[in-house]
Amino acid sequence: QVQLVESGGGSVQAGGSLRLSCAASGRTLSRTVMGWFRQAPGKEREFVAAVSRSGGFTLYADSVKGRFTMSRENAKNTVYLQMNSLKPEDTAVYYCSAQVKDYVSRRASEYDYWGQGTQVTVSS
């Protein structure tokens, strides 16, 4: 069992930055692939970023590559999403997720556990 608790969402103007955090309990973070997804109103949940168990490999959606950075601190059971140069199209509910299978995936259906989501709003 894994419980994920997110924080750090909020409102920011275009070009600004936010840092999302996701704290995990239960299964140690080092045993799970971690991912960030987002869902805007009227749209499907989409992949944002994912990181391998060790943190040695990180995958990003093309839309955020170069602007967002995902990282993990396994000793703290916490993952982060640093979001820079935010755009209005980044506005969405952001979800932290964990996958037991040792596979870094872009598909939401591959992930086993989900956080409650945190709202990110970027104004122009």
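The values are calculated or read from the model by the stated rules, or taken from the named source; none is laboratory data. Because the structure is predicted, anything quoted here is derived from the model rather than measured. So basically every Cβ, Gly included, is an ideal-geometry build from the backbone, and we count neighbours across all protein chains shown. The accessibility values were calculated without ligands, DNA or RNA, using every heavy atom of the protein model including side chains. Shrake-Rupley method; radii C 1.70, N 1.55, O 1.52, S 1.80 Å.
Per-structure values
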{"quantity": "Accessible surface ranking that places the most exposed of Trp114, Trp36 first, with a 1.4 angstrom probe", "calculated": "Trp114, Trp36"}
{"quantity": "Backbone HN-Hα couplings from phi across segment 66-72 [Karplus 6.51/-1.76/1.60, Hz, Gly and Pro as x]", "calculated": "x, 10, 9, 9, 9, 8, 9"}
{"quantity": "Residue-count net charge about Glu46 - beta-carbon cut-off 10 Å; Lys, Arg +1, Asp, Glu -1", "calculated": "+3"}
{"quantity": "Residue-normalised accessible area of segment 35-124, given per residue in Å² at a 1.4 Å probe", "calculated": "50"}
{"quantity": "Calculated diffusion of segment 52-124, Stokes-Einstein form, Kirkwood radius summed over Cα pairs, 20 °C and 1.002 mPa s, µm²/s", "calculated": "158"}
{"quantity": "Label-to-label distance, nm, for residues given as Lys65 and Arg107 (7 Å Cα→Cβ offset)", "calculated": "2.1"}
{"quantity": "Portion, in percent, of the accessible area of segment 44-124 that falls on carbon or sulfur, probe 1.4 Å", "calculated": "45"}
{"quantity": "Virtual spin-label span in nm between Val100 and Arg31, 7 Å along Cα→Cβ", "calculated": "0.9"}
{"quantity": "Karplus-derived HN-Hα couplings along segment 83-95 (A = 6.51, B = -1.76, C = 1.60, θ = phi - 60°), whole Hz, x at Gly and Pro", "calculated": "10, 10, 6, 5, 10, x, 5, 7, 4, 4, 8, 9, 10"}
{"quantity": "Segment 42-58 - phi-based ³J(HN,Hα) in whole Hz, Karplus 6.51/-1.76/1.60, Gly and Pro as x", "calculated": "x, 10, 6, 5, 10, 5, 10, 6, 8, 9, 5, 4, 7, x, x, 9, 10"}
